[in-house]
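Peer 1: Mind having a look at this structure? Questions to follow.
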Amino acid sequence: MASSASKNSLLLSKIATNEKHGENSPYFNGWKAYDQNPFHPTENPEGVIQMGLAENQLSFDLVEEWIRKNPKASFCTAEGVEKFRSVANFQDYHGFPEFRQAIATFMSKARGGRVTFDPDRVVMSGGATGANELVMFCLADPGDAFLIPSPYYPAYYRDLGWRTGVQIVPVDCDSSNNFKITKEAVEAAYEKAKNNNIKVKGLIITNPSNPLGTTLDKDTLESLVTFINQKNIHLVCDEIYAATVFSSPKYTCITQVIQDMDCNPNLIHIVYSLSKDMGFPGLRVGIVYSYNDDVVNIGRKMSSFGLVSSQTQHMLASMLSDEDFVEKFLATSSKRLAKRHRVFTKGLEEVGISYLKSNAGLFCWMDLRRLLKDQTLDGEMVLWRVIVNEVKLNVSPGSSFKCVEPGWFRVCFANMDDDTVEVALKRIRALVGQEKKAQEQAQVKSTKKRWQSNLRLSFSSSTRRFEQEGVSVKSPHMMSPHSPMPHTPFVRAIT
Amino acid sequence: MHMLSRNATFNSHGQDSSYFLGWQEYEKNPYHEVHNTNGIIQMGLAENQLCFDLLESWLAKNPDAAAFKKNGESIFAELALFQDYHGLPAFKKALVDFMAEIRGNKVTFDPNHLVLTAGATSANETLIFCLADPGEAVLIPTPYYPGFDRDLKWRTGVEIVPIHCTSSNGFQITEPALQEAYQEAEKRNLRVKGVLVTNPSNPLGTTMTRNELNLLLSFVEDKGIHLISDEIYSGTAFSSASFISVMEVLKDRKCDENSEVWQRVHVVYSLSKDLGLPGFRVGAIYSNDDMVVAAATKMSSFGLVSSQTQHLLSAMLSDKKLTKNYIAENQKRLKQRQKKLVSGLQKAGISCLKGNAGLFCWVDMSHLLRSNTFEAEMELWKKIVYEVRLNISPGSSCHCTEPGWFRVCFANLSEETLDLAMQRLKAFVGEYYNVPDVTGRSQSSQLSHSRRRSLTKWVFRLSFDDRSPIPGR
């Protein structure tokens, strides 16, 4: 059997058998710890709290209310049912015009109404995941490269490069200037790539940033636009966190910038989605919005591989064209995110944990450098294992975002209720207290053996899984989106 | 143009083919029974619109599933957040049960081997990404679904080498044809990774025989390659007994997980044809190979099924009363409608391949060709689109090696419209070809002066340089 399996693997494509899906990164490994021992306030209060998932769960009540009040949009009334066949039958890759209009309007509102979007440039895709891949397929050939400022979303490795063959060339940013992207850094990365005979086709920026939670200022954006125009390369702006901006500085989107600049519109492309702004990752609504007509045309044909379900288009066309609802939602969501951010960061401040000042996103970029025994990648991994296994918080280590400075961690705060936030903060206080104590003890006695004994895995003996029925709690109790493979380097590294 | 990728600039998306161009003409002048009775009748779209009433009445009685509710409670938040590429367990279970039911429960499927994708379009592309590298090839019997040129080749860089089938034996796959195709690939220095068949066949409207399936399995076994069976029309076979799935034949050959060929057989499914829900983008890959399942599952991230849709369909397909009734009623109505089309064609002196499945007939109009060439086929097709005002699909767009065959769909229009279409066709044949109808009476063949003028008109309308965006599929 073993030989037939390996024989069969020769029959599969390189793509199917290489590791370029990137799912063996620690970003996903931490989820395993959560899946095996998920926190529940009453049934498993010692479980791992999921803080590695950038989900927006704060405003579902508003959406649920809208759905209840608008049953027609869900085929739930006689009038609604009448629409069923024409909706179910509709597979035109242009999408419903009402849907595209609603998306264009929503995108505008999410940017404070400061810019408008043309529904005819809205191209559907299978979530932002599908959108990012589609844009790469349109702009780059296998072997071409795109510049991406680090730290960046871990799954870019898969989304941008797995099936497309496109390479990522990082533009490293660090805390010396609060992780800002500088024109010099971008130019240096571009030149270095060129000298290595790597063909750079463009630059991708995520604005607001994941994992930083910051928005780019107008000057930086302008300098980046100038740069790509000079080099005649593309600029892809992943704006999926646009409506998660909750405080100043005000958000400047790329559309705003280019309307005031001399810029070749054929180089500008936006990736959008409802997964973060509305909290709908399950509905798979990804959007490619390009100012390049050819990209729109070809992108539309390619969207056949990941269209939005017409059932979902139908409902969202109705929901997102309800202007009162959208305005109320955006305002409320922003307020709630601001409050949650305030509560969480106050908790961090109370125990002397610093973090990058941010005004957007569903997470906080925590500075735990002073808790590292060694200011190295290994040191970061050591601390991370403590946080996941001992403190029982699944946070994402900076290295999984390719951050060049060890000690930074992304911690998500919008995917849980207020009580769970309190528990999480309590545990963080304990972590800091515990670390302080451990450091003091280490100064007295020899350190290595002690550290290692503290790091032994301590999974609870009974793995608890929760069925979705009958558990009515707001804290996430679901399996993580990607259950990683059973034998991960994470586990091997301990023994 | 050099700013974009090769994918974006070449035409391998295949959408300049006549298959899609016919739609363009339809879009410009679509038939409507009240507002545009002279418009073009769409018979080029393989859609199943015959059983919506069954689904609608179920929906009316079961509004919860569409309202994000379960057991009366709102589960909106759960569904909105659910993006697990393993899919909703309840939906996958209901789907594999449905697949088994369609096959008369002669085979069963394990939900853990099912990967959900955004339609069969995505399923087919994903499978090819998993099984072949750029520059490698897959063999496909002709005639085949024109969309394969895009779905299987465009972004994957994989080639299609045709297995030529002819009318001499009802377009069935033969051993010599398989070998010839394989050798052709070798001559072109293309490494063959597998064979892809559609069963029931599009565009033939026939189910594969047990013989053909055994032939295929022996062939792929011998060559050590994959077999993909696109079974998206499985529920359109007019009787469950007449459809034999490749999984059934594997079982009959006593192939199990211990035989090598077991892991190399993959099935593609979708609800677009059987349930008539192409808009919902529900496709699936079923494979016995764990590595393929694992790779395809990760790839499905690029095209997952909306959780809202998974929830609705999970409730629908779990209702065994509905599925049992639907499968039977669907078969009955399709069979009846096909009969109507066949008889209408006969009245116009046109025969077709004897079909027992699908949403279309494979029609033989070779006797109406000016010459036995594809140019003549195109001429005839344009006449049918512009003069008869029927959009049907020419065999050449399906890579048929014999000119004169056309795919004509019957399940996407009302009975009345079908009648009208047949009347138009009969009139056209009568006027141009003096062909006797089924009663032996021949029709007038004199071309009036006005007819000659309109003939000239359509000659000048032959311009397919228009590259305006082509809608839908």
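Peer 1: Give me the residue from segment B:250-275 that is outside any loop (DSSP other than H, G, I, E, B) and under 24 Å from the mean Cα position of the chain (by Cα) and, out of that set, nearest to the other protein chains (Cβ to nearest Cβ).
Peer 2: Among those that are outside any loop (DSSP other than H, G, I, E, B) and under 24 Å from the mean Cα position of the chain (by Cα), it is B:Arg264.
Peer 1: Scan A:Asn207, A:Asn178, A:Asn197 and give me the residue that is at positive phi and free of Cβ contacts under 8 Å to residues at least 60 places away in the same chain.
Peer 2: Step by step, each of A:Asn207, A:Asn178, A:Asn197 is checked, and only A:Asn197 is at positive phi and free of Cβ contacts under 8 Å to residues at least 60 places away in the same chain.
Peer 1: Let me ask you something else. So, in segment A:252-267, of the ones that are more than 17 Å from A:Val288 (Cβ to Cβ) and of a type outside the set (A, V, I, L, M, F, W, C), which residue ends up nearest to the chain's Cα centre (by Cα)?
Peer 2: A:Thr252
Peer 1: Considering every residue within segment A:98-110, establish whether at least one is in contact with a helix residue (DSSP H, G or I) (Cβ under 7 Å, 6 or more places away or on another chain) and more than 28 Å from A:Gly361 (Cα to Cα).
Peer 2: Looking through segment A:98-110, at least one residue is in contact with a helix residue (DSSP H, G or I) (Cβ under 7 Å, 6 or more places away or on another chain) and more than 28 Å from A:Gly361 (Cα to Cα).
Peer 1: Yes or no: A:Ser247 farther than 24 Å from A:His94 by Cα, surrounded by fewer than 24 Cβ atoms within 10 Å (Cβ to Cβ), out of contact with any Lys or Arg (no Cβ under 7 Å at 6 or more places or on another chain) and polar (S, T, N, Q)?
Peer 2: Here the answer is yes, as A:Ser247 does meet what is asked.
Peer 1: Determine which single condition A:Gly286 fails, assuming it passes every other condition in (1) assigned to a helix (DSSP H, G or I); (2) buried (at least 22 other Cβ atoms within 10 Å of the Cβ); (3) not charged (D, E, K, R).
Peer 2: Single failed check for A:Gly286: (1).
Peer 1: Residues being away from every other protein chain (no Cβ under 13 Å) and surrounded by fewer than 22 Cβ atoms within 10 Å (Cβ to Cβ): count how many of those fall in segment A:151-170.
Peer 2: 4
Peer 1: Are any residues in segment B:320-378 β-branched (Val, Ile, Thr) and assigned to a loop (DSSP other than H, G, I, E, B), and if so, which ones?
Peer 2: B:Ile350, B:Thr373
Residue by residue, here is whether (1) within 14 Å of chain B (Cβ to nearest Cβ); (2) surrounded by fewer than 21 Cβ atoms within 10 Å (Cβ to Cβ); (3) of a type in the set (A, V, I, L, M); (4) farther than 24 Å from B:Tyr85 by Cα holds:
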residue: A:Lys14; (1), (2), (3), (4): yes, yes, no, no
residue: A:Thr17; (1), (2), (3), (4): yes, yes, no, no
residue: A:Ser25; (1), (2), (3), (4): yes, no, no, no
residue: A:Gly30; (1), (2), (3), (4): no, no, no, no
residue: A:Tyr34; (1), (2), (3), (4): yes, no, no, no
residue: A:Pro41; (1), (2), (3), (4): no, yes, no, yes
residue: A:Ile49; (1), (2), (3), (4): no, no, yes, no
residue: A:Asp61; (1), (2), (3), (4): yes, yes, no, yes
residue: A:Asn70; (1), (2), (3), (4): yes, yes, no, yes
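Peer 1: Restricting the search to segment B:229-249, which residues are polar (S, T, N, Q) and in a helix (DSSP H, G or I)?
Peer 2: Narrowing segment B:229-249 to residues polar (S, T, N, Q): B:229, B:234, B:236, B:239-240, B:242, B:245.
Listed by number, the residues that qualify are B:Ser234, B:Thr236, B:Ser240, B:Ser242.
Peer 1: Moving on to the next point. When residues of segment A:12-50 are filtered for being of a type in the set (D, E, K, R) and closer than 16 Å to A:Asn389 by Cβ, how many remain?
Peer 2: 3
Peer 1: Quick one: B:Gly119 ticks every box in (1) of a type outside the set (Phe, Trp, Tyr); (2) away from every other protein chain (no Cβ under 12 Å); (3) crowded, with 22+ Cβ neighbours inside 10 Å; (4) on the phi > 0 side of the Ramachandran plot except a single one, so which number is it?
Peer 2: Here B:Gly119 clears every test but (2).
Peer 1: I'd like the full set of residues that are at pLDDT 90 or above, outside any helix (DSSP H, G or I) and not polar (S, T, N, Q), limited to segment B:1-32.
Peer 2: B:Pro30, B:Tyr31, B:His32
Peer 1: Now for a separate question. Confirm whether B:Leu95 is modelled with pLDDT of 95 or more, in a strand (DSSP E or B) and either within 30 Å of A:Gly282 (Cα to Cα) or of a type in the set (A, V, I, L, M) (or both).
Peer 2: Details: modelled with pLDDT of 95 or more: yes; in a strand (DSSP E or B): no; either within 30 Å of A:Gly282 (Cα to Cα) or of a type in the set (A, V, I, L, M) (or both): yes.
So B:Leu95 does not fit the description; no.
Peer 1: Give, as residue ranges, the strands (runs of 3 or more DSSP E) completely inside segment B:113-214 that count at least 2 residues that are under 15 Å from B:Val267 (Cβ atoms) and within 16 Å of the chain's Cα centre (by Cα).
Peer 2: In segment B:113-214, the matching strands (runs of 3 or more DSSP E) lie at B:192-198.
Peer 1: Kindly indicate whether A:Leu221 is in the same structural domain as A:Phe146 (by the TED database), in a helix (DSSP H, G or I) and not polar (S, T, N, Q).
Peer 2: yes
Peer 1: When the residues of segment B:294-315 are filtered to those that are closer than 12 Å to B:Phe91 by Cα and outside any helix (DSSP H, G or I), which remaining residue is nearest to the other protein chains (Cβ to nearest Cβ)?
Peer 2: So the residue we want is B:Ser306.
Peer 1: Looking at (1) in contact with a strand residue (DSSP E or B) (Cβ under 8 Å, 6 or more places away or on another chain); (2) farther than 25 Å from A:Asn415 by Cα; (3) more than 10 Å from chain B (Cβ to nearest Cβ), find the lone condition where A:Ile287 falls short.
Peer 2: Answer for A:Ile287: the failing condition is (2).
Condition check ((1) at negative phi; (2) surrounded by fewer than 18 Cβ atoms within 10 Å (Cβ to Cβ); (3) among the aliphatic types (A, V, I, L, M)) across all residues:
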residue	(1), (2), (3)
B:Ala137	yes, no, yes
B:Pro141	yes, no, no
B:Thr166	yes, yes, no
B:Val249	yes, no, yes
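Peer 1: Kindly list the number of the only condition in (1) facing chain B (nearest Cβ under 10 Å); (2) crowded, with 22+ Cβ neighbours inside 10 Å; (3) out of contact with any helix residue (DSSP H, G or I) (no Cβ under 8 Å at 6 or more places or on another chain) that fails for A:Asn297.
Peer 2: With respect to (1) facing chain B (nearest Cβ under 10 Å); (2) crowded, with 22+ Cβ neighbours inside 10 Å; (3) out of contact with any helix residue (DSSP H, G or I) (no Cβ under 8 Å at 6 or more places or on another chain), A:Asn297 is out only on (2).
Peer 1: Just checking, does segment A:137-149 include any residue being under 30 Å from A:Gly30 (Cβ atoms) and within 9 Å of another protein chain (Cβ to nearest Cβ)?
Peer 2: If we filter segment A:137-149 for residues that are under 30 Å from A:Gly30 (Cβ atoms), which is where we start, we get A:145-149.
Then drop every residue that is not within 9 Å of another protein chain (Cβ to nearest Cβ), which leaves none.
Checking segment A:137-149: not a single residue is under 30 Å from A:Gly30 (Cβ atoms) and within 9 Å of another protein chain (Cβ to nearest Cβ).
Peer 1: Could you list, in sequence order, all residues of segment B:278-291 that are surrounded by 24 or more Cβ atoms within 10 Å (Cβ to Cβ) and either in contact with a strand residue (DSSP E or B) (Cβ under 7 Å, 6 or more places away or on another chain) or closer than 14 Å to A:Val308 by Cβ (or both)?
Peer 2: Answer for segment B:278-291, where residues must be surrounded by 24 or more Cβ atoms within 10 Å (Cβ to Cβ) and either in contact with a strand residue (DSSP E or B) (Cβ under 7 Å, 6 or more places away or on another chain) or closer than 14 Å to A:Val308 by Cβ (or both): B:Pro278, B:Gly279, B:Phe280, B:Arg281, B:Val282, B:Gly283, B:Ala284, B:Ile285, B:Tyr286, B:Ser287.
Peer 1: Does segment A:357-383 hold any residues that are touching a helix residue (DSSP H, G or I) at 6+ places or on another chain (Cβ under 8 Å), in a helix (DSSP H, G or I) and either surrounded by fewer than 24 Cβ atoms within 10 Å (Cβ to Cβ) or aliphatic (A, V, I, L, M) (or both), and which are they?
Peer 2: Within segment A:357-383, A:Leu371, A:Leu377, A:Met381, A:Val382, A:Leu383 meet the criteria.
Peer 1: Moving to a separate point now. Please state which one of B:Gly170, B:Gly194, B:Gly147 is surrounded by fewer than 16 Cβ atoms within 10 Å (Cβ to Cβ), in contact with a Lys or Arg (Cβ under 8 Å, 6 or more places away or on another chain), assigned by the TED database to the domain that holds B:Gly224 and not hydrophobic (A, V, I, L, M, F, W, C).
Peer 2: B:Gly170
The values are calculated or read from the model by the stated rules, or taken from the named source; none is laboratory data. Because the structure is a prediction, the values reported are computed rather than measured. A quick note on method: Cβ atoms are made from the backbone with ideal geometry, for glycine too, and the neighbour counts reach across all protein chains shown.
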